[in-house]
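The values are calculated or read from the model by the stated rules, or taken from the named source; none is laboratory data. All figures in this text were calculated on a predicted structure; none of them were measured in a lab. Ideal geometry is used to build each Cβ from the backbone, glycine not excepted, and the neighbour counts take in all protein chains shown. We work out accessible area using only protein heavy atoms, side chains counted, and drop any ligands, DNA or RNA first. Shrake-Rupley method; radii C 1.70, N 1.55, O 1.52, S 1.80 Å.
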Amino acid sequence: MTAEDSTAAMSSDSAAGSSAKVPEGVAGAPNEAALLALMERTGYSMVQENGQRKYGGPPPGWEGPHPQRGCEVFVGKIPRDVYEDELVPVFEAVGRIYELRLMMDFDGKNRGYAFVMYCHKHE
């Protein structure tokens, strides 16, 4: 192994280490920095699976059972270029979010609808 090979290996290792912190579905998103800032501010996690990106569930410090029936609302007609970094502050104004599920296309845009589950029914 030459010095150039070891330098290239070290730089690829550091790039892999830094991208390991970015959850799948967030990495490479056009608003990746805003999503990471949101996750850092709130302490919630985000993961993409089965055509949806899940934010939260349960929130940090949550103790107790899953929220009761009637805590989840459907949100439609979301512009396709709007993501969690803009949606979460709007929904937080209503109450504490347990989980937000934004439906996603394979091209990285949202499908125009989401489900927001609040911690308590009165919210």
#### Entry: Any chance E49 is in contact with a Phe, Trp or Tyr (Cβ under 6 Å, 6 or more places away or on another chain) and under 19 Å from V22 (Cβ atoms)
no
### Summary
If you go through A8, A16, A20, A29, the only one that is at pLDDT below 85, of a type in the set (A, V, I, L, M) and in contact with a Gly (Cβ under 8 Å, 6 or more places away or on another chain) is A29
### Query
Restricting to the range 73-83, what's the tally of residues that are within 14 Å of M117 (Cα to Cα) and either open to solvent by less than 80 Å² (accessible area, probe 1.4 Å) or among the small types (G, A, S) (or both)?
2
### Selection status of V116, surrounded by 14 or more Cβ atoms within 10 Å (Cβ to Cβ), closer than 17 Å to G25 by Cβ, within 13 Å of the chain's Cα centre (by Cα) and among the β-branched types (V, I, T)
no
### Message
Pairs please, first residue from the range 88-108 and more than 17 Å from M39 (Cβ to Cβ) and open to solvent by less than 30 Å² (accessible area, probe 1.4 Å), second anywhere and assigned to a strand (DSSP E or B) and aliphatic (A, V, I, L, M), Cβ atoms under 7 Å, 6+ apart in sequence or on different chains.
### Response
M103/A114
#### Entry: Subset tally (residues that are open to solvent by 30 Å² or more (accessible area, probe 1.4 Å) and in a loop (DSSP other than H, G, I, E, B)) for the range 46-56
1
#### Entry: Candidates A29, A37 - the one that is touching a helix residue (DSSP H, G or I) at 6+ places or on another chain (Cβ under 8 Å), in contact (Cβ under 8 Å) with a residue 40 or more places away in the chain and open to solvent by 50 Å² or more (accessible area, probe 1.4 Å)
A37
### Checklist (1) closer than 18 Å to Q52 by Cβ; (2) in contact with a Lys or Arg (Cβ under 7 Å, 6 or more places away or on another chain); (3) not in a strand (DSSP E or B) applied to E123, failing item
(1)
### Task
Please work out if Q68 is among the polar types (S, T, N, Q) and in a strand (DSSP E or B).
no
